[in-house]
Each structure stands twice: as structure tokens, then as C-alpha cells.
Amino acid sequence: VESSIPEHMREAWKKFSPKGFTTKDEFESEAVKHIETTLARSLFNCDELAAYSGTALAFRDRLIIDWNKTQQRQSFADQKRLYYLSLEFLMGRALDNAMLNVGLKNVAKDGLADLGFRIEDIIAQEHDAALGNGGLGRLAACFLDSMATLNYAAWGYGLRYRYGIFKQEIQDGYQVEIPDYWLDFNPWEFPRHDVSVDVQFYGWVNKYTNDEGKQIVSWQDGEIVTATAYDVPVPGYGTPTVNNLRLWSSKASSGEFDFAKFNSGEYESAVADEQRAETISAVLYPNDNLERGKELRLKQQYFWCAASLHDIVRRFKKSKRKWSEFSDQVAIQLNDTHPTLAIVELQRILVDMEGLGWDEAWTIVTSTFGYTNHTVLPEALEKWSVPLIQNLLPRHLQIIYEINLQFLQSVEKRFPKDRDLLGRVSIIEESQPKMVRMAYLAIIGSHKVNGVAELHSDLIKTTIFKDFVKVYGPDKFTNVTNGITPRRWLHQANPRLSELIASKIGSYEFLKDLTLLNKLEPFVDDKEFKKEWAEIKYANKVRLAQHIQTTKGYSVNPKALFDIQVKRIHEYKRQQLNIFGVIHRYMAIKSMSPEERKKLVPRVSVFGGKAAPGYWMAKTIIHLINKVGEVVNKDPDVGDLLKVVFLEDYNVSKAEIIVPASDISEHISTAGTEASGTSNMKFVLNGGMIIGTLDGANIEITREIGEQNIFLFGNLSEDVEDLRHHHFYGDYKVNPELVKVFDCIKKGTFGDEGAFGALISGIVEHGDYYLVSDDFNSYCQTQDLIDEAYKDQDAWVTKSITSVARMGFFTSDRCINEYADTIWNIEPLDVAEEKEVRART
Ligand code: GL2
């Protein structure tokens, strides 16, 4: 690594290079300096937003110092790096996280108090960075946190959307989408105008033999769009490592913004070109577990893959190593199939641009990539039409066909008698039009394929990728069960619980080694400890009740059992099962005598989550929940016994308030449909119980915390197929209790019954694909068991503590170490020396 500053002048640099604040006074001085100079505000017009900005800029400076050093250290170390390619990074807010990770939150708290502000109010000023839909995007954010905390040299690569996931409002019970323009003031990104890549689209392929007799392939003409890098620092917890998340933004290339056009009076068309280019990174597609095959989405994917790959290759070439060493220096993980074109792009770079032979290049490619599958739902498996790719990426289509040809030839050789196999594993689906199956391309181009929970990883081997297990053998397929970062999801979201745990087990080390939570088990009978544990849960419920009061305008009783289901709204996640259960409960309460009602456990049913704007059934579910709430919440027969709350605009920062406040949370997907789920882990880690099906990571949570500490119900995944078959061909009858619920809806109890017709007919007439009726009985019975269990608060708290003590496995640190060992083959960097230097200065 070379420096542009001559040796003898470096002393001046060293003398003046900033150290970053550590004391309260230093923090105040930095914050005030930023408020007065960077923001040009004064003591007389400093509102909370300005105070947030000043605080964020002060912390940003602090992070940058460590960030620069980390990047230098990683360059010097010259070790293998991991690149995590994800179209989604659901980061949430950065300030609180930065404060906790550098260990200076209390300093900031006291400093802000001196300046006249409450730290909570300042933190709340920040706009969420909501560049993701749900679990998949949040997983990527947790992974970045763990990679930095564990000192891995790892970068994230994504898109800098101008609009993140839409904001949700509820109007008259319906979801309304509002654009999320989040970049007004974002102190956490650094535009790198000097780091850009020109990305090509359309055009045609010219193949010819040059004078030396070599086959040359060149992709010509078309349209060029420039990718500009925006870097976001990712601090680790309790370590000097600050990694980099690089997000690409699109703009017309200077060549493209055609000055000739401009001068000849075609101003409008020149500006239109410019806008067309900017459109590529303009908006996050708001679908979760659904692919729609839109050209702009394909453009996004290629734009981001091409920019990232060229950036990675550029960095590798600086090292002057041989190409054969590429995969010793570079590991690339594909977060779902969205970045699959990266495989094709690397092959293109190596063969067309760097002149490597096909086989040599392909060996490099396949030893570089790993692919994570996140779903078995057929509607979510990406396929792109051949004509679309042909038009947008003509050279890539040729390469895909060549990859497929070579692959199929090798399969044919090994399985000469199995003719059907070739059609089944072909990357090209012989439909009208032909389609490219991206998951197949991802498998063929990677050295490892992993699922995200044990059941899911088994299912992909026996269902959607069965034939590939035959071709490659089982070892190519592996499991890495998802995890969550305990820094954000315990320490930041639930500081009092984190403090109580630390006081019991002697330190905050558990935030870096979550298995240390098991030291809590000896205290399950400690009266004082249990009392404090219960008090903290109660305080968190009071906090959520206040949030409900301010956002919804009515009060709920914090002593009631809080039953929470927050996640994307999806038929397979079965919020409809939950709300039908709520109606069932409502009808039961209505039919009870006052004496009977006195024995009931009061309940607050909380829902939250966004529906994809085009997902009409999911929107109908939201509508029903809101209409049930309107009726139940003002029914004098019910009073405090049941409240139904739909919280608008569920996002990461709201989750930080909601998750610590649950008594019970619901993870009730049809068995075999939820690949993992990660909010289940967050709720249990915060001392909540869960009601769930034997699906995704619920199964492993059960194994870890014990069957007596979880409320399981419903059919098993191995029975789902038969049940579905029976719905169509057997003497299928809808559960009679559920029929009563439907009758109640049809009577117009919750307003216009026609509005909910499709929800009912989906179950009664169209085969009940998600098995709501099959699971309804066992769901309701389990809810009754929960009521009973909740009456014994002492036993409940015991379950809560025991469960938390056994949650060590579900940290994302464990995931990242597993990926590092079994897929990426990377080692953490030693930062001991750096830590010492920090401690001394
Ligand atoms: C998902 C799965 O649905 C979810 O179960 C899993 O926890 C996450 C992370 O692995 O991935 N797959 C997917 O397409 N989305 C998810 O949240 N959107």
C-alpha cells in the first residue's frame, strides 16, 4: 500500500490527525462546533433535529477515524475478504447503534443534557434507513454488525435507493402507501465521486478473430449508466473495526448526458436521458417473497452486480496477483438469487476482458461464490424471460447458454439413461417465452448453497433442488441457521434487561458471546431477580402502551397479556388465522355471563406489518384487522378484556419498542413455508413466550429452550401435501368453529361483509391452501393454554428466564463464524494492538 505523501512530511499529518472525542466536554465541543459551523445554526435556533444532526456528525467523525484505520489495516493485512451482495440492507437507525458500539452513549447522554436535550428525543429524530422489505434485509444488517464485531474484513454491496420501503398509513381501515424519501439529511453516507463504474446495457455482440488468430468477443454500443459509490460505515461492538457498506447510485454517464443534444436544442430529451438513468436506483421494490419480472428490476440487479464486481476486480488487480489466486483473496456471498448475474459478469470479465480461457475462468468463478436460498415459495423463485435478457444483456445471455450447455453435457455424461433429468436441471425452462431459472444458475455457479434453518435446508434438498443433490451429491448443500445481533435486539432495544443480565452474570461479555446467557439459569429461583425481571417486562409494556396512546389515541391496559404479531402481511404467515382467532374470542366473551368474564385474562392483540402494494389479499387482511378493532375496542361488553391494535408503519425502530413488550408473539406460518423467521428469536431473547407452528427456526428454538417453554400447535410440514390434496379430492369440511367466525363476519358485524368475501371463499371454496381451517382448533386450544399459563405469573417468569438463558445459539455472530469457516474460508483480523493504542490515547 503506497502513500501519496512523501515520507518526511508524514509527521505533520500524524501530529494533526484527529483522535476523536472521549470525554463529555470533548463531545459537547464537537457537537456544538458542528451545529454552529457545519449546520450554521446557533444557540437560538437549535431544535431537536439540529441537535440530532450535531450529535450524529460528532459520532460520525469518531467512526471515520476508526473506519479509515480499519480499511488501512485490512489492506496491509492482505488477507482474503468477504463481499456480501444484497439488494436489501434494512439498517434502521444508526446513531444509537454507533453510540453503543463505541461505548460512549452515557457520555453523549450527559453532554446532551448539558446542552438542554434528552437523549431519547434526539435519537428519535433519525429517519430509519429502510432499504429492505423484511427478514431478508434485516438479516443482512445483522450480519454486517456481526462481521464488524468479529473483526472480519468484509464489505457489503447494495443499492442506494432514493426511496426505501414505503411508509404505511391506515385510512378508513385500508393501507395507503406514502413514498419514503429518506435522504434529506443523511450524515451516515459518504459520496465517493472518485469511485465510479460505467455500466452498459442493450447493444449487440461482435465476435471476430483478430490478427493473431484469437477469438474476440466485444459487447458494443447500447447505453451507459454510471454507478457512483456511497460508503456507509459499519461499526463493530467494542472493537476498533469499522467495516464498509458500499451502496451504488445511478446517474447518466457524462458521455450519456449528451451535450451535443443539449446544444442542438434537444434540452428536454437530454434531461429525460438523465432521469432514465437515475431511475435505476430510485426505488426499492416493495415485494416480500414475490417476484414480478419487471425490466427495471433486472436493470437494478445488473447495474449493482456489474458495479460491485468491477470494484472487487479492480481492488484485486491492485495486488498484482495471478488470476488463479482470485478465490484465495475474494469470497462473494449471494443473498438470495437477486445478485446471480454477478456470476455471469465475473465470467464475462475474466473471459472477454481479461482474456482467460473459459475453463480457467469458470473454475475461478465457482470457487468464489456462495449462494444462500431464503425461500421455497414458488412465487418467490426468480425467473427472467430470455427475450428480456437478450435485449438488455445480449452477451450475458450467450454466457448463460454456454454455462448451461457445459453443465448439461456433464450431467448427460454421468446420467446417460436419465433423459428427463436434463430438462429438469436445465437453467433454461422450455416455456413460452423461455425463462432463465436464476436459482439453478446460482447453484451451478457457486461452490456452496445454504438454507437458513434446519428444516428449510432439508426441504430445499428434498423438493426444489432435489435433482441438484443427485447431480452434485449432498455436500454442496448445507445449513446455516439464521441469527440476530444481540447488540441491537437486546442491549439497544431493552437496555434495562441487558443491565440486569450483566449485573447477574458479572459483565456485558454476553453481548459478544451470547452463550454466556446460560449463566442465568442458576438464578431462575431467585425471588428478587424474578421480581426485577417481571418489572422490566412491565415497564416495556407501559412504554408500548404509551406509544399506542400517542399514535392511535386510545389506551390499553399494560397489565393485560400482550399478544403480538408483527411481520410482513402474507397469507403464508397467516395473520388471518390470528384475526379469526380474535373474532372467536370476541364471540366467546359476548356470550359469557359477567361472572365468567371475571375469570378471563385480559388481552391486547397487536398487529403490525406492511402488505406489498399489489397484494390485494394481504391488504384485505389488514382491512379486516382494523375493522375488527373498531368494533371490539368500543364494545362495552368487552372493556379491557380484549383490545385489537393495528400499529401503522411497522419498521426497525418501531420493532425496538414493540419486541421487548410482548408476553406472547405469534409465528404461525403454515408448516414448511417460513424458511426461518428471525423475529421469533428477537422476541424470545427479550423474555417473551411464543406461539408457533413447527416451522422454520421455531423448531430449533424449541430444541434449545425446551418444549415446556414454547406453545406449539398445528400440522407438521410432512402432512401439508396430503392435507392439500384432501381439500380438493376428499370429503373436506371447514372447521365448524371457524364457520361461526365466518358467519359473524358475513352478518356484517365488522362492516361491509362483501369486503372480506375473498378471505372466506379462499378457505371455504378454493381449497384453503394455507390450512387455516385444519389448524384452527389446535390454535384456539393453545391460546386457551396460554391464558391458563399466564395466570401463574411465577411459573411464567421462570419460563421466560429459562428461555433467555438458552438463546445463545441464535446470535448472528455464530452464523457469521459458521459462514466464515465452512463457506468463505476467511479468518478474523487481529486488532489487539489497535485496541491497546486506543486505550492509551
Ligand atoms: C426470507 C424468509 O421468508 C424468512 O423466513 C427468513 O427468515 C429470511 C431471512 O433468511 O428470508 N426470505 C425472503 O424472501 N424474505 C424473507 O424474509 N423476504
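The values are calculated or read from the model by the stated rules, or taken from the named source; none is laboratory data. Because the structure is predicted, anything quoted here is derived from the model rather than measured. When we count neighbours, we look across all protein chains shown, and the Cβ atoms used for this are built from the backbone with ideal geometry, even at glycine. Heads up: the accessible areas ignore ligands, DNA and RNA and are worked out on the full protein's heavy atoms, side chains in. Shrake-Rupley method; radii C 1.70, N 1.55, O 1.52, S 1.80 Å.
Data overview
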read-out	value
Residue count for the stretch 367-420, restricted to those that are within 16 Å of the ligand (Cβ to nearest atom) and aliphatic (A, V, I, L, M)	4
Qualifying residue in the stretch 156-168 (condition: part of a helix (DSSP H, G or I) and either surrounded by 20 or more Cβ atoms within 10 Å (Cβ to Cβ) or out of contact with any Phe, Trp or Tyr (no Cβ under 6 Å at 6 or more places or on another chain) (or both))	no
Among the residues listed as V449, V436, V425, the single one being touching a residue at least 24 places away in the same chain (Cβ under 8 Å), over 29 Å from the mean Cα position of the chain (by Cα) and open to solvent by less than 40 Å² (accessible area, probe 1.4 Å)	V425
A40 away from the ligand (no atom under 16 Å from the Cβ), open to solvent by 50 Å² or more (accessible area, probe 1.4 Å) and among the small types (G, A, S)	yes
Tally of residues being touching a residue at least 12 places away in the same chain (Cβ under 8 Å) and either acidic (D, E) or under 16 Å from P378 (Cα atoms) (or both) across the stretch 459-484	7
Residue among N651, N680 that alone is within 16 Å of the ligand (Cβ to nearest atom), over 16 Å from H570 (Cβ atoms) and polar (S, T, N, Q)	N651
Verdict on G629 being away from the ligand (no atom under 16 Å from the Cβ) and either at pLDDT below 95 or open to solvent by 10 Å² or more (accessible area, probe 1.4 Å) (or both)	no
Cβ-Cβ under 8 Å pairs, at least 6 apart or on other chains, the stretch 131-156 side over 16 Å from T239 (Cα atoms), far side within 9 Å of the ligand (Cβ to nearest atom) and assigned to a helix (DSSP H, G or I)	L131/G137; G132/R138; G132/A140; G135/S679; G156/A140
Options F776, F809, F750: the member that is touching a residue at least 60 places away in the same chain (Cβ under 8 Å), aromatic (F, W, Y) and in a loop (DSSP other than H, G, I, E, B)	F750
Counted residues, the stretch 485-496 - those being out of contact with any Leu (no Cβ under 7 Å at 6 or more places or on another chain) and either open to solvent by less than 10 Å² (accessible area, probe 1.4 Å) or touching a residue at least 60 places away in the same chain (Cβ under 8 Å) (or both)	4
Where S555 falls short, out of the listed (1) part of a loop (DSSP other than H, G, I, E, B); (2) in contact (Cβ under 8 Å) with a residue 60 or more places away in the chain; (3) open to solvent by 60 Å² or more (accessible area, probe 1.4 Å)	(2)
Per-region count, the stretch 779-794, residues assigned to a helix (DSSP H, G or I) and either open to solvent by 40 Å² or more (accessible area, probe 1.4 Å) or in contact with a Cys (Cβ under 8 Å, 6 or more places away or on another chain) (or both)	7
Selection count, the stretch 344-369, where residues are farther than 19 Å from N825 by Cα, crowded, with 21+ Cβ neighbours inside 10 Å and either in contact with a Gly (Cβ under 7 Å, 6 or more places away or on another chain) or not hydrophobic (A, V, I, L, M, F, W, C) (or both)	3
Failed item in (1) open to solvent by less than 10 Å² (accessible area, probe 1.4 Å); (2) within 16 Å of the ligand (Cβ to nearest atom), with I699 passing the rest	(1)
